[in-house]
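The numbers here are math on the coordinates, done by the rules we state, and not lab data. Because the structure is a prediction, the values reported are computed rather than measured. Heads up, the Cβs are rebuilt from the backbone with ideal geometry, glycines too, and the neighbour counts pull from every protein chain shown.
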Amino acid sequence: MADASVPGAGGGITGAAPAAPGPVTGPGAGRPPARLRRSIVGTRPWVAALFLLPALILLGALVAYPIGFTVYRSLYDADGSGFVGLKNFGTVFSDHGILTAVRNNAIWVVVAPTVATALGLVFAVLTERVRWGTAFKLVVFMPMAISMLAAGIIFRLVYEQDPARGVANAVVVAVHDTFTDNSAYPGARPRPGGDLAASAGGSYTSKSTAASGTPADLPLVGIPQNKLPAGARQAEPAASKPDAVTGTVWLDFRPGGTGKPGVIDPGEKALSGVKVQAVKGGKVIASATSAKDGTYTLPGKAIGAQLRLPASNFSGKYGGINWLGPDLVTPSIIASYVWMWAGFAMVLIAAGLAGVPRELLEQARVDGANEWQVFRRITVPLLAPVLVVVMVTLMINVLKIFDLVYIIAPGNTQSNANVLALQLYLSSFGGGDDQGVGSAIGVILLLLVLPVMIFNIRRLRREGRR
C-alpha cells in the first residue's frame with residue numbers, strides 16, 4: 001500500500017496545499033468578477049437607478065424645471081412675448097420699492113438669525129440648571145407647531161393700536177400710567193382773545209404778569225359737560241392774599257350758554273388738579289395745583305411772573321406705541337419671527353450641549369474660571385459647529401420670509417416692511433402683473449441662497465470626514 005505522503009503514490013500528493021493559481025489570460029482578463037461589479041448596496045447600478053427614477057422625476061418637475069423656467073422667464077417682458085435680456089434685473093435694482101425690499105432682506109438676514117440663535121443659546125444653557133427645564137423648553141418650542149399664517153394673525157392682534165385689543169399696547173399703557181398721570185382735561189383751551197395764549201410745547205401762558213391782591217383767574221373752555229370728572233364741584237372765587245398769587249381755574253361755560261365770559265357764574269364747574277406754573281425769564285420759579293373748588297395759591301415769589309398751564313394738563317390719554325407704523329413695522333415682525341424660531345434654535349443647541357464633555361467645564365471651574373468665563377471660553381467654542389448650523393438654517397429661512405410680512409403689516413405700511421419674497425408675489429400676481437420682474441426677483445433670491453447652501457454642504461462634508 002502506497003504511503004499517502006510519498007510523492008508519486010496513487011498518482012499525486014494528498015494532504016498538501018494546492019498550488020497557487022497562475023496569471024489569468026484570455027478574453028476576460030483584467031475584469032473583476034460579476035459580484036464585484038455590483039454597487040456597495042449589493043445591487044447593480046441600473047437597478048438602483050430604476051428605484052431612484054420616480055424621485056428624480058419629481059425632483060426635476062418640482063425643482064429643476066421651475067428653476068430653469070424662472071431663469072428663462074426673467075429674460076422676457078411682462079407678458080412673455082418679447083425678449084428683453086437683463087432689463088428686468090435693471091428694473092429690480094432701480095425701483096425704489098424693490099430696493100426697500102432688498103434693504104429689509106439684509107436687515108432680516110443679519111438681525112433675525114443672530115437674535116434667535118443668541119436666545120436659543122441662552123435658553124439651552126440656563127435650562128440645564130433648573131429642575132423645570134424640560135417644561136420651559138416645551139413652552140418655548142411650542143410656537144414651532146403654529147403655522148406662519150396663524151402666527152401672523154396672532155401678532156396682528158398683539159400689535160393692535162387700541163390698548164383694549166392689542167396686548168403689547170395694553171402692557172405699555174399700563175406701565176406708562178403707573179408712573180405718569182393722564183390729563184383729566186384733554187382738549188381744554190382758553191377763550192380766544194383772553195389773557196391766556198398758546199405757547200411752546202402745547203402749553204398756555206398769560207400775557208400779563210401776576211400781582212398780589214388781585215386774583216389771577218384762568219378760565220378754560222373746550223370740555224364737554226359729560227367729560228368732566230364725576231363729582232366736579234361749583235367753581236369758587238379765590239380769596240385775595242397780599243403775599244401770594246391766587247386765582248381759580250374753571251370751565252367758563254354754563255349749560256344753556258347764559259354765562260358771562262371771564263366771570264365765575266353759578267353752575268360753572270371747577271377744574272381740579274390743574275397744574276399752574278409761575279415763569280420768569282423762561283424758568284419755572286413756583287408751581288401749584290388747583291383744589292377741588294378750582295382755586296390755587298402760589299407763593300410771593302410768583303408776584304410779577306407770568307402764569308403758565310403746561311401741556312400735561314391737556315394732553316390726551318396715552319394710546320401706546322404705533323408698533324406697525326413706518327418706523328417699527330420691520331422690527332415688530334422680526335420679533336414675531338424670533339418668537340417662533342427661538343425654540344428651534346434652543347432644541348438644536350441643547351442637543352449639541354448634551355455632547356459637551358462635562359469634565360472640561362468642571363476642570364475650568366476648578367482652575368478658577370467663573371461662569372461667564374466658562375460660557376465664553378469653553379461652552380461657546382465647543383458649540384460653534386452647532387451654532388453655525390442654526391445660523392445658516394435660519395439665514396436660508398429668512399431669505400424666503402413672506403407670510404408674516406404679508407399678514408402682519410397693514411396696507412399703509414406694507415411698503416415699509418416689504419421683502420423680496422413678498423415683492424416677488426406683488427410684482428407677479430398681486431397687482432403688478434409683471435412676471436418678468438417677478439422672475440428676476442426669484443433668480444436673485446436663488447443666487448442669494450446658493451452661497452449659503454454651498455457653504456453648508458461643504459461644512460457638512462468636512463464634518464463627515466472627521
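Highest first, please rank the peptides 52-65, 205-218 by the mean number of other Cβ atoms sitting within 10 Å of their residues.
In descending order of packing, they fall as 205-218, 52-65.
Let me see the pair-distance distribution of segment 118-254: every alpha carbon pair, 10 Å bin width, integer percents in order.
Per 10 Å bin, starting at 0, the Cα pair percentages come out as 9, 20, 22, 15, 10, 12, 12, 1.
Show log10 I(q)/I(0) for segment 196-313 at q = 0.23 Å⁻¹, two decimals, from a solvent-free Debye sum over equal Cα scatterers.
With no solvent term, the Cα-only Debye profile gives -1.35.
Please list, in order along segment 83-88, the HN-Hα scalar couplings obtained from phi with the Karplus expression 6.51 cos²θ - 1.76 cosθ + 1.60 (θ = phi - 60°), rounded to whole Hz, x for Gly and Pro.
6, 10, x, 9, 4, 4
Cross-link partners among aspartates and glutamates for Lys269, C-alpha distance below 13 Å, same-chain residues fewer than 8 apart left out?
Candidates past the 8-residue exclusion: Glu236, Asp252, Asp293.
Of all alpha-carbon pairs in segment 337-466, indicate the percentage at a distance above 21 angstrom.
The answer is 59 percent, as a whole percent.
In sequence order, what are the phi-derived ³J(HN,Hα) couplings for segment 209-215 according to the Karplus relation 6.51 cos²θ - 1.76 cosθ + 1.60 with θ = phi - 60°, rounded to whole Hz, with x for glycine and proline?
9, 6, 10, 7, x, 10, x
Just need the Rg to Rh number for the chain, please, alpha carbons only, Kirkwood Rh.
In the chain, Rg relative to Rh is 1.30.
Which net charge results for the neighbourhood of Glu371, defined as the other residues with beta-carbon distances under 15 angstrom from its beta-carbon, given Lys and Arg at +1 and Asp and Glu at -1?
+2
Tally Lys/Arg at +1 and Asp/Glu at -1 over every other residue whose Cβ is under 13 Å from the Cβ of Gly97; what's the total?
Net local charge, Gly97 excluded: -1.
Once every DSSP H run of n ≥ 4 in the chain is given -39500 (n - 2.57) and the sum is divided by its residues, what mean residue ellipticity at 222 nm do you get, rounded to the nearest 500 deg cm²/dmol?
Calculated from helices alone, the mean residue ellipticity at 222 nm is -13500 deg cm²/dmol.
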